[in-house]
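Peer 1: Pasting a structure here, questions to come.
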Amino acid sequence: MKAIIFPGQGSQFIGMGKDLYDGNEEAKSMFLLANKILGYDITDVMFNGTVDDLKKTDITQPAIFIHSCVNFFQNKVNDISAFSGHSLGEFSAVTCSGSLSFEEGLELVLIRARAMQNACENNDSTMAAILALSDDEVNTVCEDIENVVPANYNCPGQIVISGSKEGIQKACEEFNQKGGKAIPLPVGGGFHSPYMEPARVELEEAVNKAKIKIPIAPIYQNYDAKGYIDPDKIRSNLVSQLTSPVRWTQSVNNMIEDNILNFIECGPGRVLQGLVKKINRELDVSSL
């Protein structure tokens, strides 16, 4: 049994999607439709922009979503047992599973990206990667420091924390003292934390209006790492993930328990393949 998994922010690169755009008219038409929906030429930024341009949240998220969806629909994969995505990638998973149309999925991603960017500008928050410590060790430190929470459970020994700049600095010092390695991240703000509450409220309004349908296979969602086909649960979890941690390790382990041993990454980069292998080296991983 196989799962299709979709990357999140950080997987972008200049030139992403150009091969798909040039590959055939069907793919090209999806890129052109995306330009129309967004109201600007995102393909020009993806193919010819600067690294700094592509790092902007309101550019990065639509760009990765477009690349992932075009790639998936061009490859026409059969016999899929599950879908899942990391953070932003969950919107790609919901769209490619048939729960959302490409147009509506992209519109939601744009609303999400802009809302997150606005939330970042209105608070003094950031993130840091914590390496070489267990989930429990990271959780304990976060519980003891005000305004710091786990944000991404990426794989054993790799957790991202989110919170106030002051809190993150204090947490990093403590993790280093415990023998871990704390790496401050150059991000716009504290994603997947209470600092994203204004963005969550804005996204909720848009998601509640979206026409979400039953997917062709369960979607293992970030909020609680479980697989869902119920449109109402999918809708709720899409919103809740903005202020909750991405439970990627738990999602992969739950898929393994459901006898899914083949993971195919669909989108720019190969970040998720590496994370899946660190969760379980016996799994079969590849990319479209």
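The numbers here are math on the coordinates, done by the rules we state, and not lab data. Quick caveat: nothing in here was measured; it's all calculated off a predicted structure. Cβ sites come from the backbone with ideal geometry, for glycine too, and all protein chains shown count toward neighbours.
Peer 1: Determine ³J(HN,Hα), in whole Hz, for all residues of segment 204-212 in sequence, where each value follows from phi through the Karplus function 6.51 cos²θ - 1.76 cosθ + 1.60 and θ = phi - 60°; x replaces Gly and Pro.
Peer 2: Whole-Hz 3J(HN,Hα) from phi for segment 204-212: 4, 4, 6, 5, 5, 8, 6, 8, 8.
Peer 1: Run the reach check for LYS28 against lysines, Cα to Cα strictly under 17 Å, same-chain hits fewer than 8 apart removed. What comes back?
Peer 2: Filter leaves LYS18, LYS36, LYS76.
Peer 1: Can you give the extra length, in nm with one decimal, that the chain gains between TYR40 and ASP258 once fully stretched, where that is 0.36 nm per residue apart less the Cα-Cα distance?
Peer 2: Additional length available on full extension: 74.3 nm.
Peer 1: Continuing with this model, one more query. Output the relative contact order of segment 41-196, whole-number percent, from Cα pairs under 8 angstrom with separation of 6+ residues.
Peer 2: So the answer I get is 21 percent.
Peer 1: Suppose a student asked you for the relative contact order of the chain, using Cα pairs under 8 Å spaced at least 6 residues apart; what percent would you report?
Peer 2: 24
Peer 1: With a 10 Å cut-off between alpha carbons and a GNM built on the chain, which of GLU90, GLU173, GLU104 moves the most?
Peer 2: Sorting by GNM fluctuation, first place goes to GLU173.
Peer 1: For segment 39-51, what does the Karplus curve 6.51 cos²θ - 1.76 cosθ + 1.60, with θ = phi - 60°, yield as ³J(HN,Hα) per residue in whole Hz, taken in order and with x for Gly and Pro?
Peer 2: Result, ordered by residue: x, 7, 8, 5, 5, 5, 5, 5, 8, 10, x, 9, 4 Hz.
Peer 1: While we're looking at this one, here's another question. Which distance in Å, rounded to a whole number, links the C-alpha centroids of segment 5-47 and segment 218-239?
Peer 2: Cα centroid of segment 5-47 versus Cα centroid of segment 218-239: 26 Å apart.
Peer 1: To continue, here is another question. Can you list the residues, at least 5 places off or on another chain, whose amide H is less than 5 Å from the amide H of TYR228, using H built in the peptide plane?
Peer 2: ILE219, TYR220, GLN221
Peer 1: Now, a different point. Among 106-114, 48-56, 68-76, what's the highest-first ranking by average C-beta atoms within 10 angstrom per residue?
Peer 2: 106-114, 68-76, 48-56
Peer 1: What pairs in LYS178/LYS277; LYS213/LYS233; LYS55/LYS278 have C-alpha atoms more than 18 Å from each other?
Peer 2: From LYS178/LYS277; LYS213/LYS233; LYS55/LYS278, over 18 Å: LYS178/LYS277; LYS55/LYS278.
Peer 1: A follow-up question, please. Using 0.36 nm per residue, how much length does the chain from LYS211 to ASN122 gain when fully extended, once their Cα-Cα distance is taken away?
Peer 2: 29.0 nm
Peer 1: Quick one: angle between helix 165-177 and the longest Cα principal axis of the chain, in degrees between 0 and 90, rounded to 10, please.
Peer 2: 70
Peer 1: Next question. What is the sum of charges, Lys and Arg at +1 and Asp and Glu at -1, for the other residues whose Cβ falls under 14 Å from the Cβ of ILE214?
Peer 2: Result for the local shell: +2.
Peer 1: Let me ask something additional. Give the separation of the Cα centroids, segment 72-105 to segment 194-211, in Å.
Peer 2: With segment 72-105 and segment 194-211 each reduced to a Cα centre, they are spaced 20 Å.
Peer 1: May I ask you to order 228-239, 91-102, 187-198 by the average number of other C-beta atoms within 10 Å around their residues, highest value first?
Peer 2: My ranking of the peptides, most packed first, is 91-102, 187-198, 228-239.
Peer 1: Right, another one. Given the -39500 (n - 2.57) contribution per DSSP H run of 4+ residues, what per-residue ellipticity at 222 nm results for the chain, rounded to the nearest 500 deg cm²/dmol?
Peer 2: That comes out to -15000 deg cm²/dmol.
Peer 1: Give the dimensionless ratio obtained when the Cα radius of gyration of segment 125-185 is divided by 2.2 N^0.38 Å.
Peer 2: 0.91
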